[in-house]
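Quick notes on the structure that follows.
The values are calculated or read from the model by the stated rules, or taken from the named source; none is laboratory data. On a predicted model such as this, the values are computed, not experimentally measured, just so you know. Neighbour counts are summed over all protein chains in view; Cβ atoms, including those assigned to glycine, are modelled from backbone coordinates with ideal geometry.
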Amino acid sequence: MAKLANADAQRRGDLDGRGNLSLDGLSRFCRFFLETCLDQINYMDELVQLDGLVGRVRGYVALRGQGMVPGAEHYYTFPAATGCNKRLRLD
């Protein structure tokens, strides 16, 4: 949060931008924000691994077809197993 607050800070001397706010603070925040974006993109790329996605989906479909992966039918057994109403509210 400090980097965001520094983006709106007052100028720090005559060489810190042309307006009333700190150009240096804004630049540092923009750099931090873009580095965070790139970090998240890399993380999601590693997590999802798009190159192998089709193979994983095919494997899932094969396992599901063999009954080895539970499907939506287990949603309907939840009330019987727990004694809760199917329309149980969580609030």
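Below is a table of values for the structure above.
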read-out	value
Count of segment 19-44 residues which are in a helix (DSSP H, G or I) and either small (Gly, Ala, Ser) or outside the structural domain of Lys3 (by TED's automatic domain parsing) (or both)	2
All positions within segment 36-64 that are surrounded by 10 or more Cβ atoms within 10 Å (Cβ to Cβ), within 20 Å of the chain's Cα centre (by Cα) and charged (D, E, K, R)	Asp39, Asp45
Sole exception among (1) modelled with pLDDT under 90; (2) closer than 14 Å to Lys3 by Cβ; (3) of a type in the set (Ser, Thr, Tyr) for Tyr60, by number	(2)
